[in-house]
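> So that we are looking at the same thing, I have put the structure below in structure tokens.
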Amino acid sequence: MTRSDSSDAIRRTPESETGGGGGNGDGDVGATAGSTGDGAVPHFAGRIVELDIQRELKDSYLTYAMSTIMDRALPDVRDGLKPSQRRILVAMNDLNLRPGRKHLKCAKICGNTSGDYHPHGESVIYPTMVNLAQKWRTRVPLVDPQGNFGSIQGDPPAAMRYTEARMTHAAVDMLADLKLGTVDFQPNYDDRLQEPTVLPGKFPNLLVNGGVGIAVGMATSLPPHNPREVLDSIIRVIENPGIHLDELMRDETDAAGAVVRHGIKGPDFPTGGVVHGKRGIVEAYLSGRGRVTVRGTCHVEPLGKGDRQQIIIDEIPFMLGQTNLVEWIVEAVNEEKVTEVSDVRDESGREAQTRIVIELKRGADPRVVENQLYEFTPLQQTFSIINISLVNRQPRTLSLRETINCYIEHRTDVIRRRTEHLLREAKKRAHVLEGMIYAVCDIDEVIREIRASSTREEAIARLMARRFQIASTHPFAPKLPSSLLAKVRMLDALGGVSLTRVQAETIGGMRLLQLVGLEIERLVAEYAGVLVEIEGYEAILGDPRRVQQIIKDDCEEMRTRYTSPRQTRIDDADTDINIAELIAVEDVALTISHSGYVKRVPLATYRQQGRGGKGIRASDAKDDDFIEHLFVASTHDDLLCFTNTGRVFKIKVYEVPEMSRTSSGRAIVNLVDLKEGERTCAYLAVKNFESGSDFLTFVSRGGIVKRTALKAYANVGRSGLIAVGLKDGDTLLDVTLTDGNDDLLLATATGMAIRFSEQDARDIC
């Protein structure tokens with residue numbers, strides 16, 4: 001018997017198909033391909049393909065890497081979940097494990113998750129569910145545990161057959177409206193069920209809980225944040241899309257000094273601790289990458305009646321086990337890196353989540369020992385912030401504002417899809433109710449048609465063939481909505497309203513009790529309510545501001561429920577940090593289109609062109625748009641933006657989004673607070689407002705010229721400033737920078753011109 005075990009792994013070459021390589025010309029593999037040489041069946045009965053092993057390994061590894069990145073390690077920016085976490089919540093939702101229900105065995109939950117959605121075994125799923133439930137790992141847990149789910153000391157959880165779980169309110173918010181067509185679904189691994197590709201994500205899970213994941217060639221480390229600060233920041237971004245990072249990190253207060261909206265001050269770890277300095281926080285919020293120093297907190301207590309003292313560690317850095325910390329301290333003491341310590345023990349328990357006691361020797365200085373602990377043990381750690389998540393199935397590094405914008409965009413899409421689904425269902429219900437109203441108004445004829453039919457199909461056909469009319473003298477006419485009567489009147493010329501099959505089948509299924517006269521009042525009331533719902537849904541779909549208001553209302557509602565105080569304190573020792581210090585000084589090219597789209601591009605992007613050079617595309621503007629302003633400035637320059645109404649705004653050049661060479665840019669309305677109908681018309685980049693002799697010269701379309709010292713505009717705020725007063729019907733035309741001795745040349749649309757010294761236009765403040 002000839003062996004052919006490996007024939008499935010061998011592919012036929014063109015030579016084998018044409019008889020090359022020693023074959024017989026009929027496609028059989030000859031002796032060189034494994035023939036016995038004595039007429040027996042060849043050893044290989046398939047095809048052979050010679051492959052470059054380096055290319056094959058490269059392609060296979062790339063496929064594996066992309067699978068790890070997309071389907072395992074990185075969270076989706078929309079709901080902040082990895083596929084395994086998402087599938088656990090979907091399985092718990094299928095089991096209806098809501099907060100008010102009884103806890104269910106984790107073995108059952110993991111079994112359903114594995115059997116329905118995640119075919120990798122319960123032993124893989126259970127640790128993921130445990131992490132979603134541990135309050136020292138997740139800022140707002142998504143799973144409500146019951147039983148031994150491990151401890152912050154590093155103890156492992158009990159086996160899943162001994163523990164139980166259900167969803168928390170945050171998980172319910174993540175799954176809200178899942179069955180209302182809000183997200184796309186895909187077949188599960190065996191095409192037996194449908195699973196969501198993403199959750200509706202009403203709760204901003206990525207911003208609140210963060211996430212950690214190690215993929216191939218990249219890793220993500222998103223810090224958790226305080227839920228109240230996150231929700232307030234989302235509301236502030238919706239209310240003011242042009243809000244800047246420094247404003248977003250500060251609390252918004254009223255006239256009395258009370259906090260109205262909390263600023264997102266920095267990471268808020270569930271284990272507490274202290275973050276020292278804001279430089280790493282600002283870097284991470286600006287660029288998506290940064291490093292922060294996190295310390296545990298300690299206090300000193302007297303020990304006994306003598307002069308001895310002990311240091312109590314109350315909080316530890318995030319993701320650090322207490323047992324590991326104690327082992328590090330003991331090792332540091334044995335190596336004499338930490339001196340003056342007589343004993344170390346862990347007294348954590350029910351009364352205190354973390355209480356590590358470090359007894360000091362007589363006469364020891366607690367401050368010296370505490371500093372030694374920070375230096376030689378993990379009581380002080382560096383937390384790397386790497387905000388990488390999947391955006392449109394692609395890994396991207398996102399800033400804080402970009403992450404918030406992605407949440408708002410996702411919720412906007414969810415709310416629109418939910419409203420469209422509800423609108424379709426409401427229209428279907430209104431359609432059915434109309435048919436039922438027609439039937440009740442002419443119930444005798446309906447009964448006569450049904451009784452005259454011999455089969456169900458014939459009855460439905462007769463109802464569909466008959467036309468219904470409601471005369472103005474009908475006793476039910478005054479009770480009917482005017483919109484329904486108008487529809488009936490429009491079809492009177494055709495003999496009345498005809499029923500659809502859906503309406504006819506509904507009428508055929510009506511019970512006898514629904515044929516009484518009072519039933520019309522219930523049907524009309526329900527129909528009127530459905531019409532109101534339809535109007536509301538159409539109003540939402542027709543006005544984006546209503547959608548944004550719904551997002552704000554959702555955040556306000558969640559804000560009242562997730563009121564957990566901040567756990568991690570931010571050390572303000574370095575609060576005088578200037579964001580400009582983190583921006584490299586470089587020359588950039590600013591381009592502004594006629595429609596107000598602005599961007600900055602590093603000047604090195606454009607290379608010098610020789611004679612006859614082909615050039616490169618500098619912008620991908622719309623067909624009806626064109627580049628109107630182009631100038632070079634430093635990233636640390638101030639950009640003055642003048643509007644047609646005479647107002648001026650000041651922003652930093654580095655606040656203008658840096659984009660690719662071919663992009664169209666960002667609308668200037670996102671950077672400055674323009675009023676309705678107002679647009680920018682002139683721009684100036686200024687390095688120094690105190691140069692002394694520079695002036696701003698304004699010219700309006702009505703021929704008004706005004707000259708003002710440049711230094712008068714050094715303190716322009718975020719809300720803008722009136723730069724020049726204009727008469728009714730006049731608008732600002734242009735603004736230019738002069739040195740005090742220039743000549744001005746003004747030209748009219750008819751070709752007239754005038755030239756005069758700028759000193760003829762006196763300096764007006």
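> Can you pull out every residue in segment 87-117 that is open to solvent by less than 20 Å² (accessible area, probe 1.4 Å) and either under 15 Å from L175 (Cβ atoms) or in contact (Cβ under 8 Å) with a residue 60 or more places away in the chain (or both)?
Answer for segment 87-117, where residues must be open to solvent by less than 20 Å² (accessible area, probe 1.4 Å) and either under 15 Å from L175 (Cβ atoms) or in contact (Cβ under 8 Å) with a residue 60 or more places away in the chain (or both): I88, L89, V90, A91, M92, L97, I109, T113, Y117.
> Tally time: how many residues in segment 275-289 are on the phi > 0 side of the Ramachandran plot and either open to solvent by 20 Å² or more (accessible area, probe 1.4 Å) or within 22 Å of the chain's Cα centre (by Cα) (or both)?
So the answer is 1.
> Of the residues that make up segment 664-671, is at least one assigned to a strand (DSSP E or B), surrounded by fewer than 19 Cβ atoms within 10 Å (Cβ to Cβ) and of a type outside the set (A, V, I, L, M, F, W, C)?
Looking through segment 664-671, at least one residue is assigned to a strand (DSSP E or B), surrounded by fewer than 19 Cβ atoms within 10 Å (Cβ to Cβ) and of a type outside the set (A, V, I, L, M, F, W, C).
> Could I ask something else about it? Could you grab me the full set of residues in segment 105-127 that are among the hydrophobic types (A, V, I, L, M, F, W, C) and assigned to a strand (DSSP E or B)?
Listed by number, the list is empty, since nothing qualifies.
> If we only count strands (runs of 3 or more DSSP E) wholly inside segment 695-765, which ones have 2 or more residues that are within 21 Å of T645 (Cβ to Cβ)?
It comes to 695-700, 705-709, 732-738.
> Right, K102: over 28 Å from the mean Cα position of the chain (by Cα) and either assigned to a loop (DSSP other than H, G, I, E, B) or modelled with pLDDT of 95 or more (or both) or not?
Yes: the conditions hold for K102.
> Would you point out the residue of segment 681-724, among those that are polar (S, T, N, Q) and within 43 Å of the chain's Cα centre (by Cα), that is farthest from T738 (Cα to Cα)?
That would be S719.
> So, of the residues in segment 349-386 that are crowded, with 20+ Cβ neighbours inside 10 Å and in contact with a helix residue (DSSP H, G or I) (Cβ under 8 Å, 6 or more places away or on another chain), which turns out to be farthest from F318 (Cα to Cα)?
Only one residue tops the list, namely L360.
> Can you tell me which of (1) surrounded by fewer than 20 Cβ atoms within 10 Å (Cβ to Cβ); (2) assigned to a helix (DSSP H, G or I); (3) in contact (Cβ under 8 Å) with a residue 12 or more places away in the chain is the one R424 doesn't meet?
Among (1) surrounded by fewer than 20 Cβ atoms within 10 Å (Cβ to Cβ); (2) assigned to a helix (DSSP H, G or I); (3) in contact (Cβ under 8 Å) with a residue 12 or more places away in the chain, the lone unmet condition for R424 is (3).
> Also, quick follow-up: Out of all the residues in segment 391-421, which are closer than 17 Å to L206 by Cα, among the basic types (K, R) and in contact with a Leu (Cβ under 9 Å, 6 or more places away or on another chain)?
R396, R401
> Okay, moving on. Exactly one of (1) polar (S, T, N, Q); (2) in contact (Cβ under 8 Å) with a residue 40 or more places away in the chain; (3) farther than 24 Å from I386 by Cα is unmet by Q194. Its number?
Here Q194 clears every test but (2).
> Out of everything in segment 753-765 that is in contact with a Leu (Cβ under 9 Å, 6 or more places away or on another chain) and open to solvent by 100 Å² or more (accessible area, probe 1.4 Å), what residue ends up being modelled with the highest pLDDT?
Going through the qualifying residues, I end up with R755.
> Quick check on Q503: is it part of a helix (DSSP H, G or I), at pLDDT 85 or above and open to solvent by less than 30 Å² (accessible area, probe 1.4 Å)?
Against the criterion (part of a helix (DSSP H, G or I), at pLDDT 85 or above and open to solvent by less than 30 Å² (accessible area, probe 1.4 Å)), Q503 qualifies.
> Which fully enclosed strands (runs of 3 or more DSSP E) of segment 160-274 have 3 or more residues being crowded, with 17+ Cβ neighbours inside 10 Å?
164-167, 219-222
> So which of R522, R545 is at pLDDT below 95, part of a helix (DSSP H, G or I) and closer than 26 Å to I238 by Cβ?
Just a single option satisfies the conditions, and that option is R545.
> I'd like to check something: does segment 254-265 contain any residue that is under 22 Å from the mean Cα position of the chain (by Cα), under 22 Å from S221 (Cα atoms) and in contact (Cβ under 8 Å) with a residue 40 or more places away in the chain?
Yes, because at least one residue in segment 254-265 is under 22 Å from the mean Cα position of the chain (by Cα), under 22 Å from S221 (Cα atoms) and in contact (Cβ under 8 Å) with a residue 40 or more places away in the chain.
> Report yes if L485 is in contact (Cβ under 8 Å) with a residue 12 or more places away in the chain, crowded, with 16+ Cβ neighbours inside 10 Å and assigned to a helix (DSSP H, G or I), otherwise no.
No.
> Still on this model: Looking at (1) touching a helix residue (DSSP H, G or I) at 6+ places or on another chain (Cβ under 8 Å); (2) surrounded by 13 or more Cβ atoms within 10 Å (Cβ to Cβ); (3) modelled with pLDDT of 85 or more; (4) assigned to a helix (DSSP H, G or I), which is the one condition that is false for Q514?
(3)
> Sticking with this structure for a sec: Please find, within segment 630-643, the residue that is nearest to R679 (Cα to Cα) out of those that are open to solvent by less than 30 Å² (accessible area, probe 1.4 Å) and either in a strand (DSSP E or B) or at pLDDT 90 or above (or both).
T643
> Moving on. Pairs please, first residue from segment 394-413 and within 22 Å of A219 (Cα to Cα), second anywhere and of a type in the set (F, W, Y), Cβ atoms under 6 Å, 6+ apart in sequence or on different chains.
The qualifying pairs are L400/Y285.
> Something else about it: Within the group A73, A65, which residue is touching a strand residue (DSSP E or B) at 6+ places or on another chain (Cβ under 9 Å), modelled with pLDDT under 95, under 28 Å from P196 (Cβ atoms) and of a type in the set (G, A, S)?
That would be A73, the only listed residue that is touching a strand residue (DSSP E or B) at 6+ places or on another chain (Cβ under 9 Å), modelled with pLDDT under 95, under 28 Å from P196 (Cβ atoms) and of a type in the set (G, A, S).
> From the list V333, V292, V326, pick out the single residue that is at pLDDT 90 or above, more than 30 Å from G717 (Cβ to Cβ), open to solvent by less than 40 Å² (accessible area, probe 1.4 Å) and part of a strand (DSSP E or B).
Being at pLDDT 90 or above, more than 30 Å from G717 (Cβ to Cβ), open to solvent by less than 40 Å² (accessible area, probe 1.4 Å) and part of a strand (DSSP E or B) holds for just one of V333, V292, V326, which is V292.
> I need the full set of residues from segment 297-323 which are open to solvent by less than 60 Å² (accessible area, probe 1.4 Å), more than 18 Å from K361 (Cα to Cα) and not polar (S, T, N, Q), in order please.
Answer for segment 297-323, where residues must be open to solvent by less than 60 Å² (accessible area, probe 1.4 Å), more than 18 Å from K361 (Cα to Cα) and not polar (S, T, N, Q): D314, E315, I316, P317, F318, L320, G321.
> Now for a different question. Name every residue in segment 387-401 that is assigned to a loop (DSSP other than H, G, I, E, B), among the polar types (S, T, N, Q) and in contact with a helix residue (DSSP H, G or I) (Cβ under 9 Å, 6 or more places away or on another chain), in order of residue number.
Hits for segment 387-401 are N387, S399.
> Here's another thing I want to ask about it. Can you name every residue in segment 701-752 that is of a type in the set (K, R) and surrounded by 14 or more Cβ atoms within 10 Å (Cβ to Cβ)?
Scanning segment 701-752 gives R701, K706, R707, K711, R718.
> Consider segment 463-472. How many of its residues are loosely packed, with under 14 Cβ neighbours inside 10 Å and either in contact with a His (Cβ under 6 Å, 6 or more places away or on another chain) or within 23 Å of E526 (Cα to Cα) (or both)?
So the count comes out to 2.
> Scan segment 427-457 for residues that are over 15 Å from A504 (Cβ atoms) and open to solvent by less than 30 Å² (accessible area, probe 1.4 Å) and jot them down.
A430, C441
The values are calculated or read from the model by the stated rules, or taken from the named source; none is laboratory data. Computed from a predicted structure; not experimentally measured. Note that we place each Cβ from the backbone using ideal geometry, even for glycine, and neighbour counts take in every protein chain shown. Note: areas computed on protein heavy atoms with side chains; ligands, DNA, RNA excluded. Shrake-Rupley method; radii C 1.70, N 1.55, O 1.52, S 1.80 Å.
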